[in-house]
Amino acid sequence: MQPTHSKTIGYILWIFGFTGAHRFYFGKPITGTLWFFTGGLFLVGWIVDIFLIPSMERKAEMRYKSGPIDYSVAWILHTFLGYLGIHRMYMGKWLTGILYLCTAGLVGIGWLYDFFTLNTQISERNGAKAPPFKKAEVGLIEA
């Protein structure tokens with residue numbers, strides 16, 4: 001099984017962890033929001049997260065589907081270029097990607113929305129892009 005989330009990317013996002021980016025990446029939008037508005041719980045929670053990232057990574061691996069769209073690439077694009085819609089274009093959502101590009105991520109609201117939903121969006125795209133089984137692959141013989 002292909003991994004979905006990376007500890008390395010988690011630690012890179014942790015550097016900006018007072019914004020909650022690493023928590024959103026590992027699928028924890030509620031605490032990600034709390035970190036965003038409190039500066040990583042006044043930096044104390046941010047420091048504690050150094051030790052929690054490995055367990056967050058393991059839990060994320062069990063929750064999300066692997067596939068052609070890489071979670072780490074999408075999250076790096078979203079965190080640093082999300083207001084330009086580059087992450088949406090990467091996922092094949094060209095129309096909304098161009099809309100984000102022209103409106104600065106719908107004036108930041110769409111960019112914030114994607115912090116909450118990006119893991120789910122990627123899982124859905126990965127599930128939808130799963131190649132169908134060919135008859136030869138499953139051992140069926142036509143008569």
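Read-outs throughout are calculated quantities, based only on the coordinates presented, and are distinct from any laboratory measurement. It should be emphasised that the depicted structure is a prediction, and the values quoted were computed from it without experimental measurement. No Cβ is skipped: glycine too gets one built from the backbone with ideal geometry, and neighbour counts run over all protein chains shown.
Starting from residues that are within 15 Å of the chain's Cα centre (by Cα) and part of a helix (DSSP H, G or I), keep the ones in region 1-16 and report whichever is surrounded by the fewest Cβ atoms within 10 Å (Cβ to Cβ). It comes out as T8. For region 17-31, a residue qualifies if it is crowded, with 16+ Cβ neighbours inside 10 Å and either in a helix (DSSP H, G or I) or in contact with an Asp or Glu (Cβ under 7 Å, 6 or more places away or on another chain) (or both), and the qualifying residues are G17, F18, T19, A21, H22, R23, F24, Y25, F26, P29, T31. Within the bounds of region 55-65, is there any residue that is part of a helix (DSSP H, G or I), touching a His at 6+ places or on another chain (Cβ under 6 Å), in contact (Cβ under 8 Å) with a residue 40 or more places away in the chain and of a type outside the set (D, E)? Yes, that holds for at least one residue. Evaluated against (1) at positive phi; (2) surrounded by fewer than 19 Cβ atoms within 10 Å (Cβ to Cβ), L34 falls short on exactly one condition, (1). Scanning region 75-105 for residues that are outside any helix (DSSP H, G or I) and within 13 Å of the chain's Cα centre (by Cα) gives a single hit, M91.
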